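*Asks:* Handing you a structure now.
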Amino acid sequence: MPARRRLLGLAGAGLLALSAAGCFQPMYAETSPGQGSVLQQSFSEIEVVFATGRVADEVRNDLIFALTGGAGNPVGAPYRLILDVSSKTAEASVVSPLTGLPEVEIVSVDVKWQLYEAGNTKTPLRVGTATGKASLDSGYQRFARARAIRDAENRSASVVAETIKSQLASYFLTRAPKS
């Protein structure tokens with residue numbers, strides 16, 4: 001009897017999996033040969049607005065590349081993405097027993113973003129936040145430490161850009177189609 005129940009359970013699970021097999025569609029799948037996916041077409045319709053600051057510019061450039069694959073920022077696109085970027089460096093709790101100075105620092109890049117239709121900048125279609133963190137070894141040489149912080153900011157900016165891309169993908173895949 002237990003073998004029969006197990007077999008029925010496996011058969012039921014197999015039928016359930018088979019019935020759901022046609023429901024799966026990869027996010028970036030092409031709808032027809034030669035054309036990009038619906039998601040890629042949506043991404044190519046987003047203009048990322050200029051943001052001030054070195055880290056903000058790094059996030060913007062990484063995001064433009066992530067959304068368009070290197071095609072550049074579309075001008076006059078139907079959607080505008082506005083970024084508010086902040087960056088900070090904090091000392092971690094790893095302290096050298098010899099010097100009493102921190103050995104590790106954490107760089108955090110925080111972004112608040114808003115997606116608008118191009119003609120309407122009063123009501124955002126979607127808002128979100130993204131955070132990227134990267135660690136670095138604290139050095140005692142001033143210029144080496146400054147470069148390490150810059151590299152950590154760049155790594156954090158890449159993480160933030162990918163996070164925003166995923167959040168935008170979620171929006172474009174779940175929104176109601178235009179009629």
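*Asks:* Below 8 Å between Cα atoms, with a sequence gap of 6+, how large is the relative contact order for the chain in percent?
*Replies:* 18 percent
*Asks:* Can you work out ³J(HN,Hα) from phi for every residue in region 56-62, in order, using Karplus 6.51 cos²θ - 1.76 cosθ + 1.60 and θ = phi - 60°, giving whole Hz and x for Gly and Pro?
*Replies:* Couplings: 4, 5, 5, 4, 4, 5, 4 Hz.
*Asks:* Using a 10 Å cut-off on Cβ atoms, rank the peptides 94-103, 162-171 from the highest mean neighbour count down.
*Replies:* 162-171, 94-103
*Asks:* Using 1/(1 + (r/R0)^6) with R0 = 41 angstrom and r between the beta carbons of S44 and K88, what's the FRET efficiency to the nearest 0.05?
*Replies:* After rounding to 0.05, the efficiency reads 0.80.
*Asks:* Specify whether the C-alpha gyration tensor of the chain places it in the rounded, prolate or oblate class, a ≥ b ≥ c being the square roots of the eigenvalues: rounded for a/c under 1.5, otherwise prolate if a/b is larger than b/c and oblate if not.
*Replies:* Oblate shape, in that a/c is at least 1.5 and b/c is the bigger or equal ratio.
*Asks:* Give the angle, between 0 and 90 degrees and rounded to the nearest 10, that separates the Cα long axis of helix 142-174 from the longest principal axis of the Cα atoms of the chain.
*Replies:* With rounding to tens, the tilt is 20 degrees.
*Asks:* Helix-derived [θ] at 222 nm for the chain: sum -39500 (n - 2.57) over DSSP H runs of at least 4, divide by residue count, nearest 500?
*Replies:* Calculated mean residue ellipticity at 222 nm is -14000 deg cm²/dmol.
*Asks:* Taking the alpha-carbon centroid of each part, what is the distance from region 38-65 to region 112-179 in angstrom?
*Replies:* 9 Å
*Asks:* Another question about this same structure. For A51, what residues show an amide H to amide H distance below 5 Å, using hydrogens built from the backbone and excluding near sequence neighbours?
*Replies:* Result for A51 returns nothing.
*Asks:* Name the trypsin sites (Lys or Arg not before Pro) in region 120-156 that are in a loop by DSSP and that have at most 13 other C-beta atoms within 10 Å, would you?
*Replies:* The qualifying sites are K122.
*Asks:* Using alpha-carbon pairs under 8 Å, 6+ residues apart, how would you state the relative contact order of region 124-172 in percent?
*Replies:* Once normalised by length, the contact order is 49 percent.
*Asks:* Let me ask something additional. For every other residue with a beta carbon closer than 14 angstrom to the beta carbon of E58, add +1 if it is Lys or Arg and -1 if Asp or Glu, then tell me the sum.
*Replies:* Summing Lys/Arg as +1 and Asp/Glu as -1 gives -2.
Since every read-out is calculated from the coordinates, none of them should be taken as a lab result. Keep in mind the model is a prediction, meaning the values are calculated, not measured. Every residue, glycine as well, gets a Cβ built from its backbone with ideal geometry; the counts of neighbours run over all protein chains shown.
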